[in-house]
Amino acid sequence: MANTIETAVLEMTQALSEQQGVYVVDVEYKKENGDRFLRIYIDKPGGVGLQDCEAFSRAAEVLLDEADLISEAYCLEVSSPGADRKLKTDREFSYYIGREVEVKLYKAIDGKKEFVAILEDYRDKKAILSFDGTTVEVSPKEAVYIRLNFVM
């Protein structure tokens, strides 16, 4: 049921995201500690702020109420994906092509388990990464994480 709701919310918010100049990176519908949460993660070039999340949340709430998609009580949360979020969906990987990512692998490639790379492409469920003059293909399942690199 969660996947059906997540897919429907993703489709339902597509036009809204285009209107507001943001990209819906992911949608999660989960039960935690007895409560249900619908989380919509949005992003845009330069990052999203509180005002972006608020505006999207208010507009999405109207769409969700009209669609009456979820019959039980839930909490709607709209936020940026966050600096520590590992990339996990095809949608996320495709959106972040060209960005620098931090990678930590379970098994070393060329003697390295941790490195910073450019996400060159994503195809056939594999991230195409380049670092130190090398290009490698890594399945997200082979990685502890692949996440955006935010240099502070």
**OP:** Note down the accessible area of THR4, probe 1.4 Å, to the nearest 10 Å².
**Re:** 100
Subject >> When each of LYS44/LYS104; LYS30/LYS104; LYS31/LYS125; LYS86/LYS113; LYS30/LYS113 is checked by Cα-Cα distance, pairs over 23 Å >> reply: LYS44/LYS104; LYS30/LYS104; LYS31/LYS125; LYS30/LYS113
Subject >> Vicinal HN-Hα couplings computed from phi for the range 50-67 (Karplus, 6.51 cos²θ - 1.76 cosθ + 1.60; Hz; Gly/Pro x) >> reply: 4, 5, 4, 5, 4, 4, 5, 4, 4, 5, 5, 4, 4, 4, 5, 5, 5, 6
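What net charge is computed for the residues neighbouring ASP65, neighbours being all others with C-beta under 15 Å from the C-beta of ASP65, Lys and Arg scored +1, Asp and Glu -1?
Working: positive: ARG58; negative: GLU61, GLU66, ASP68, GLU72.
My count for the surroundings of ASP65 gives -3.
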Original post:
Which values, in whole Å and largest first, are the semi-axes of the equivalent ellipsoid of the chain obtained as the square root of 5 times each eigenvalue of the Cα gyration tensor?
Top reply: 32, 17, 13
Original post:
If one computes the Cα centroid of the range 1-52 and of the range 81-144, what distance in Å separates the two points?
Top reply: 23
**OP:** Treat the range 35-106 as a sphere of radius equal to its Kirkwood radius over Cα pairs and apply Stokes-Einstein at 25 °C in a medium of 0.890 mPa s; give the translational diffusion coefficient in µm²/s, rounded to a whole number.
**Re:** 172
Original post:
Near GLU28, within a Cβ-to-Cβ distance under 14 Å, what is the net charge of the other residues, with Lys and Arg +1 and Asp and Glu -1?
Top reply: +2
Original post:
So for the pair LYS44, LYS88, with labels modelled 7 Å out along Cα→Cβ, what separation do we get in nm?
Top reply: 2.6
Original post:
So if we plug the beta-carbon distance of SER139 and ALA59 into 1/(1 + (r/R0)^6) with R0 = 41 Å, what FRET efficiency do we get, rounded to 0.05?
Top reply: 0.70
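The values are calculated or read from the model by the stated rules, or taken from the named source; none is laboratory data. Worth saying up front: this structure is predicted, and the values here are computed from it rather than measured. Because the Cβ atoms are built from the backbone with ideal geometry, glycine has one as well, and the counts that use them run over all protein chains shown. SASA here: full protein model, heavy atoms, side chains in, ligands and nucleic acids out. Shrake-Rupley method; radii C 1.70, N 1.55, O 1.52, S 1.80 Å.
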